[in-house]
Amino acid sequence: MKSERIHLRVNDQQKALLEAASAASGDTVSAFVLGAATEAAANALADRRVFMLDEQGWAAFDSALERPARDIPGLRKLLTEPTVLDENSSQHHEDDT
């Protein structure tokens, strides 16, 4: 059972378009809007949850995951040394005292 509501404000043209599209698809406006919005939401999130690879792509991906981690000095330095933002932040706090 549906227990939550979402309220939308639309202009006359948007309402007419939604009514025409819902009638053409044989749905109520609510069912049409909910279906379209749900599909759009799933599509917006799909690239964050699922990605598809062919067999060759999967083999390359799986191989990369199975390799031991390697040290990349430039990356290690980037991630461990203070940044300009860190330096500005500490200067800012020192200036405040």
> With each run of n ≥ 4 DSSP H residues scored as -39500 (n - 2.57), what mean residue ellipticity at 222 nm is computed for the chain after dividing by its residue count and rounding to the nearest 500 deg cm²/dmol?
Replying inline: -22500 deg cm²/dmol
>> Just to confirm the number: angle between the C-alpha axis of helix 84-96 and the first principal axis of the chain, 0 to 90 degrees, nearest 10?
In response: 80 degrees
> Can you sort VAL33, VAL10, VAL84 by how many other beta carbons sit within 10 Å, fewest first?
Replying inline: VAL84, VAL10, VAL33
> Going by how many other Cβ atoms sit within 10 Å of their own, how do THR38, THR80 line up, fewest first?
Replying inline: THR80, THR38
> Most mobile of ASP62, ASP71, ASP86 per a Gaussian network model of the chain (Cα springs, under 10 Å)?
Replying inline: ASP86
> Which of the trypsin sites (Lys or Arg not before Pro) across segment 5-83 are loop residues per DSSP, with 16 or fewer other Cβ within 10 Å?
Replying inline: ARG5, ARG9, ARG70
>> Can you compute the FRET efficiency between VAL84 and ARG49 using 1/(1 + (r/R0)^6), with r the Cβ-Cβ distance and R0 = 41 Å? Round to the nearest 0.05.
In response: 0.75
> If each residue's Cβ is checked for other Cβ atoms within 10 Å, how do LEU53, LEU85 rank with the fewest at the top?
Replying inline: LEU85, LEU53
>> Between TRP58 and GLU4, what is 0.36 nm times their sequence separation minus the Cα-Cα distance? Round to one decimal in nm.
In response: 15.4 nm
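Every number here is computed from the coordinates shown, using simple stated rules; none is lab data. Note that the structure is predicted; figures quoted are calculated from it, not measured. FYI the Cβ positions are ideal-geometry reconstructions off the backbone, even for glycines, and counts take in every protein chain you see.
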